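These notes concern the structure reproduced below.
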Amino acid sequence: MTTAEMLELDRLREEVAQWRARFDAATKRNALFANSGHVVEPLYTALDIAGDAAAAEVPGEFPFTRGIHPTGYRGKLWTMRQFAGFGTAPETNARYKYLLSQGQTGLSVAFDFPTLMGYDSDHPRSEGEVGKCGVAISSLADMETLFEGIPLDKVSVSMTINGPAVILFAFYVAAAEKQGAVAAELRGTIQNDILKEYMAQHAWVYPIEPALRLIVDNFAWSAEHVPLWNTISISGYHIREAGATAAQELAFTLADGFTYVERGIARGLDVDDFAPRLSFFWDIHNDFFEEIAKLRAARRIWARHMRERFGAKDTRSLIMRFHSQTAGVTLTAQQPMNNIVRVAYQAMAAVLGGTQSLHTNSMDETLALPTEQAVEVALRTQQVLAYETGVPNVADPLGGSYYVEALTDKLESEAEALFTKIEEVGGVVRGLETGWLQRQISESSSRQQWEVEQRRRTIVGVNDFVTDEGELTIPLLKVGAEAEREQRSRMAAMRASRDDALVKLRLAALRDAAKTDANLMPLILDCARAYCTLYEIRAAMEEVFGAYREPVFF
Amino acid sequence: MPQSFDALIADFEAGKTAALARAISIVENHRTGYDELMTRLHPRIGRAQRLGMTGPPGAGKSTITNLIVQSLRRDNLRVGVVAVDPSSPFTGGALLGDRVRMEAVALDRGVYIRSMATRGSLGGLSARTAEVADVLDAFGFDRIIIETVGVGQTELDIARTADTTVVVLVPESGDSIQTLKAGVMEIADIFVVNKGDRPGADRLRNDIELMLGLRRGATSANIPAHHGIPLKTFNPIRIARDAARSENPEEWLPAVLGTIASKGEGIDLLLAAVDRHFRYLQTSGGLKGRRRNRLKNQVTEVVAERLRARLWEDPDTITWLDTQLDLMEAGTATPFSVADELLSRSGPLLTGVKP
Amino acid sequence: MRPIRVLVAKPGLDGHDRGAKVVAAALRDAGMEVIYTGLHQTPEMIATAAIQEDVDVVGLSILSGAHMTLIPRVLDLLRDDGREDILVTGGGIIPREDMDALEARGTGRLFGPGTPTSELVEYIHNWFEAREAQTA
Ligand SMILES: Nc1nc2c(ncn2[C@@H]2O[C@H](COP(=O)(O)OP(=O)(O)O)[C@@H](O)[C@H]2O)c(=O)[nH]1
Ligand SMILES: [Mg+2]
């Protein structure tokens, strides 16, 4: 620092002190300004970012605080990717075609609960839940129907599935094969992030160790066969939705990411062979600047750890690509129209934070499956942001903002402190087994709940500005029992037409291989091609792996 | 749902779970008529083999219980489980989560699981748990497993009502052998060191064996040399291991076993040890002793309860006592003289014959 | 008086057990004995546990949309074992008209999302007292 610069800082320090005196003396309204529990100053100045390296950064350069592309959004806008799926495969197929015709640029599959847990639609445990909160996919036949008339080598598809992810992925690859698509051209993402299931979302199937094995099997197989496919979407979304703070979301998700990298390396994979296909998924909550800072910090932390800790050399291993979704928990059943506004602000935060793709929630999502009209408004929200506001014109437009830079640093250091804590409790897997991680989230959640009940945190229309309007004033989409009946009869037809001997053979081969160290992906794919069902494949591996039992924590 | 006892007992005898559950509630709460119920069930009690499982919270007791139940079911034995967890001393409420670990047998008709809360420090919990086990016994279960958190005297007492008591320990919970409560060492027929996948499990096993071996060595040292063990080759761990494997009808030295319950490992050996201990009890007469002891305890409890009820629910007694307060205040009587006098004037009341 | 015994169960395949856990803790803090059975319970598992544990109340938390299938089945199974006296209550994302239909079918009151736990505690206390007064 030159003498002139130091004098300049001294002058600033003087001025800030004077301002602080005036600020302290003034009367101020009585409100709480700390959202995630940390203190927010009323003013940030150059003093707060003195000596900050990020100020000297440009987008597209290590450590990528300011974005992964040198061109920002001028090169390519984010992908508008609305999560959708309900009822049966033919119904969802129609919805996809509609969304594509409306200018949506990628598909995102929501599966129903039975599918998420690895149960077929005709399994007794699925009763009453088939197609309720997503689409039911129980075999390759359903997957073929889901994408009928949608060329899989042209559209990028994201699939939210974790416990049985590898099985649904095999259905997808087999469906693409049947369309005649070249595997090497498939683009998309499979969520496949089991660690956050144990932590927050609870759609697990197998115990932790075999589940991690399947994920690494998928890393290895995909690097060779579907090089453009994102093998995992390491997700903070559900951790945040379960009540974590922004810093916890950031730290726990990245720690999950590091765990997967460690497992891949332990298998003998070259980090640069699989790390480029790891992607992330963030929740975009209400605290506007904190969310932007979180995304900036996430990129920087990932790049640093990948290079310094894991020795990655390929730039593609260092850059964090991510999807974002506006926070479902912030939506309210009361005055549901307000949700449109919340979503719009959150979407803007995601874009200012440099997201690669975005799902904007529909206003009625807390109440039921979104109606077509609500989905359309949500998509239009993104289009207004992209084409009318001018926000995407400049890369990282908040870079250099005293507040945003200071907050980015702060979140980074909070995350690093949490990494140390996780190390102390023995790492992520151990932290899950002992429940340490789950307890951290649950404590944050209880605190926020308490703040809302005490009205320390305002939620418009819920604990303030309340009207006594009726419970709902918007139409809701309902999936009736017909979907379940229809899906069951489709399954019966599929079961009747397949080659049972082949099914048995393939399942036995998979079961045997599960007892060895073999990569199971090709065997699962063979099962998929033979029209073995989701549950049959799940059960074959479960015989060897066992089932996960949650530790109970309150 | 008021239900006559006869109907309840008929349903109970017909093997209806709802009736069993009801009967247990009546016994647990000592609701009116509980003694009549226990009397009716008495002839059917005494067949079941009772296993107590105790140890610190999170040691894996429920996980092990679940595995034991599964294994017993493969032999077609019917199993009743009583899982006791502490009540909150402040609110009296309790969160009972043991069923979560036993989901694999949740729908098995040959298995019955009952969660119980300790309900504060009211005495008689161990007697009450033993009575609940009696009801399960009368219902026809072959095996009864009683799981309690081994943290206080009450829980140790509960464990002691079993035929065989298994103490489950884990390397991580700081139960290094030094901190083990003396009571725990005393009650264990079998030690299980669970979580063998965690560091420190082998050490803990060695420590326990060392302690058991030393203790056994100490008793042997008092025996004339040709019966005892030459001190030069004295190896306490070896002694403990050998003794734990032997089928000596004269003596039982607790077996020390390792398990990894989360992977189902070590359960077969544990069950074999339980069987061996039961055989030992049968041949040594210990079983008879334990059961007679249970009966004796039960009588003690019942007497205490009846005395309390008969005396303090009698209005005359209370009125008389009130008249004594002035005397005690004046110093002409003491609480002890009043107590003696109260007992002697209550003879007919205590024997149940109203004057 | 003896503590009220409540089974808190989470039927359905969704993993949202926060509500169930918050309710379980609140009931415990209100002095009840709460038997908690974890996620992903079938109606059969719930009814079996309720009967074995001889509970007074079953509290269900449902968010998967399957309430019209799962709750009536729990009621039927309890009735099959002669335990229609057990109060079946709970809550979750259940549309008003479905709540009405279920209450007509024999459940106790059902609560929407965001209901303070104190309301449920009070409801159970009142129900229990009324029932004890009746049977006494
Ligand atoms: N690593 C490991 N964990 C275990 C083992 N046995 C049980 N656990 C876990 O320890 C926790 C507590 O088990 P639980 O049976 O409920 O313990 P209890 O409180 O003694 O009944 C659960 O999360 C189990 O999955 C084991 O052998 N190894
Ligand atoms: Mg337990």
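With r as the distance between the Cβ atoms of A:E8 and C:E122 and R0 = 60 Å, compute the FRET efficiency 1/(1 + (r/R0)^6) and round to 0.05. If you can, show how the numbers build up before the last one.
Details: r = 64 Å, r/R0 = 1.06.
Rounded to the nearest 0.05, the efficiency is 0.40.
For chain B, modelled as a GNM with alpha-carbon contacts under 10 angstrom, which of B:Q282, B:Q298, B:Q49 fluctuates the most? Among B:Q282, B:Q298, B:Q49, the largest mean-square fluctuation in the Gaussian network model of chain B belongs to B:Q282. Of the trypsin sites (Lys or Arg not before Pro) found in region A:139-200, the ones in coil according to DSSP and having at most 12 other Cβ atoms within 10 Å of their Cβ are A:K154.
With a 1.4 Å probe and all protein chains kept in place, how do A:W19, A:W78 rank by accessible area, largest first?
On the way: A:W19 60, A:W78 10 Å².
Greatest to least solvent exposure: A:W19, A:W78.
Report the extension gain between B:R203 and B:A333 in nm, rounded to one decimal, defined as 0.36 nm multiplied by the number of residues separating them, less their alpha carbon distance.
Values: separation 130, 0.36 × 130 = 46.80 nm, distance 6.15 nm.
Fully extending the segment from B:R203 to B:A333 adds 40.7 nm.
Summary of the geometry: region A:387-428 and region C:89-136, compared by the centres of their Cα atoms, lie 45 Å apart. With axes computed from alpha carbons, what is the tilt in degrees of helix A:534-545 against the longest principal axis of chain A, rounded to the nearest 10 within 0 to 90? Rounded to the nearest ten degrees, it is 80.
The heavy atoms of B:K61 offer some 10 square angstrom of accessible surface to a 1.4 angstrom probe.
For the residues A:H305, C:H16, a 1.4 Å probe over the protein chains yields an accessible-area ranking, largest first, of C:H16, A:H305. Compared with the dominant principal axis of the Cα atoms in chain B, helix B:201-221 is inclined by about 80°. Expressed as a whole number of Å, what is the distance separating the alpha-carbon centroids of region A:140-158 and region C:55-73? Computed from Cα coordinates, the inter-centre distance equals 36 Å.
Candidates B:Y112, B:L37, B:L125 compared by Cα position along the dipole of chain B: farthest toward the positive end lies B:Y112, with charges placed on Cβ. Our compactness index for region C:5-135, the C-alpha radius of gyration over the empirical 2.2 N^0.38 Å, is 0.94. Relative to one another, the C-alpha centroids of region A:251-290 and region B:9-88 are positioned 49 Å apart. If you take the charge dipole of the protein assembly as shown about its Cα centre, with +1 on Lys and Arg Cβ and -1 on Asp and Glu Cβ, which of A:A246, A:A170, B:V274 is farthest toward its positive end? Going by the Cα projections, it comes out as B:V274.
Placing dummy labels 7 Å off each Cα toward the beta-carbon, the span from C:T135 to A:S489 is 4.7 nm. The three principal axes of the Cα atoms in region B:1-44 give end-to-end lengths of 27, 23, 16 Å, sorted in falling order. Dipole magnitude for region C:1-132: computed about the Cα centre from +1 point charges on Lys and Arg Cβ and -1 point charges on Asp and Glu Cβ, it is near 280 debye.
Quick one: dipole size for region A:479-521, taken about the Cα centre, charges +1 on Lys/Arg Cβ and -1 on Asp/Glu Cβ, in debye to the nearest 20.
On the way: 9 positive and 7 negative charges, 23 e Å.
Charge dipole, region A:479-521, about its Cα centre: 100 debye, nearest 20.
Cross-link reach is defined here as a Cα-Cα straight distance under 14 Å, omitting same-chain residues fewer than 8 places apart; for B:K263 the aspartates and glutamates meeting it are A:E209, A:E433, A:E542, A:E543, B:D197.
Per residue, what volume in Å³ does the Cα convex hull of chain B take up?
Enclosed volume per residue, from the Cα hull, is 203 Å³.
Counting only heavy atoms of the protein chains and using a 1.4 Å probe, A:K76 has close to 130 Å² of accessible surface. Model label points for B:L214 and C:D80, set 7 angstrom from Cα along the Cα-to-Cβ axis, are 5.8 nm apart. Report, in degrees rounded to the nearest 10, the 0 to 90 angle that the Cα long axis of helix A:500-514 makes with the longest principal axis of chain A. Computed tilt is about 50 degrees.
With the whole protein complex present, A:E14 retains an accessible surface near 110 Å², based on a 1.4 Å probe.
Quick one: ranking B:D142, A:D468 by accessible area, 1.4 Å probe, largest first, what do you get? Can you show the working numbers first?
Numbers: B:D142 40, A:D468 150 Å².
My answer, sorted largest first, is A:D468, B:D142.
Toward the positive end of the charge dipole of chain A, with +1 on the Cβ of Lys and Arg and -1 on the Cβ of Asp and Glu, the farthest Cα among A:A298, A:P70, A:P90 is that of A:P90. Run a plain Debye calculation on region A:53-155 (Cα atoms as equal point scatterers, no solvent) and give log10 I(q)/I(0) at q = 0.14, 0.16, 0.17 Å⁻¹, rounded to two decimals, same order as the q list. The calculated log intensity ratios at q = 0.14, 0.16, 0.17 Å⁻¹ are -0.65, -0.73, -0.78. Looking at region A:41-91, which GluC sites (Glu not before Pro) are DSSP coil and have at most 15 other C-beta atoms within 10 Å of their C-beta? The qualifying sites are A:E61. Using 1/(1 + (r/R0)^6) with R0 = 25 angstrom and r between the beta carbons of A:K28 and A:R455, what's the FRET efficiency to the nearest 0.05? Efficiency, rounded to the nearest 0.05: 0.85. Basic side chains Lys and Arg get +1 at the Cβ, acidic Asp and Glu get -1 at the Cβ, and with that the dipole of the protein assembly as shown about its Cα centre reaches some 2040 debye.
The mean sequence distance of close C-alpha pairs (under 8 Å, at least 6 residues apart), as a share of the length of chain A, puts its relative contact order at 19 percent.
Can you give me the convex hull volume of the Cα atoms of the protein assembly as shown, divided per residue and expressed in Å³?
Values: hull volume 265.0 nm³, N = 1045.
Convex hull volume per residue, Cα atoms: 254 Å³.
Looking at region A:275-326, which chymotrypsin sites (Phe, Trp or Tyr not before Pro) are in a loop (DSSP not H, G, I, E or B) and have at most 13 other Cβ atoms within 10 Å?
Details: sites: A:F280, A:F281, A:W282, A:F288, A:F289, A:W302, A:F310, A:F322; in loops: A:F310.
Answer in residue order: no site qualifies.
The values are calculated or read from the model by the stated rules, or taken from the named source; none is laboratory data. Keep in mind that this is a model prediction, so the values were computed, not measured. Counting neighbours? That spans all protein chains shown, and the Cβs are built from the backbone with ideal geometry, glycine included. Note: accessible area is taken over every heavy atom of the protein model, side chains too, but ligands, DNA and RNA are not part of it. Shrake-Rupley method; radii C 1.70, N 1.55, O 1.52, S 1.80 Å.
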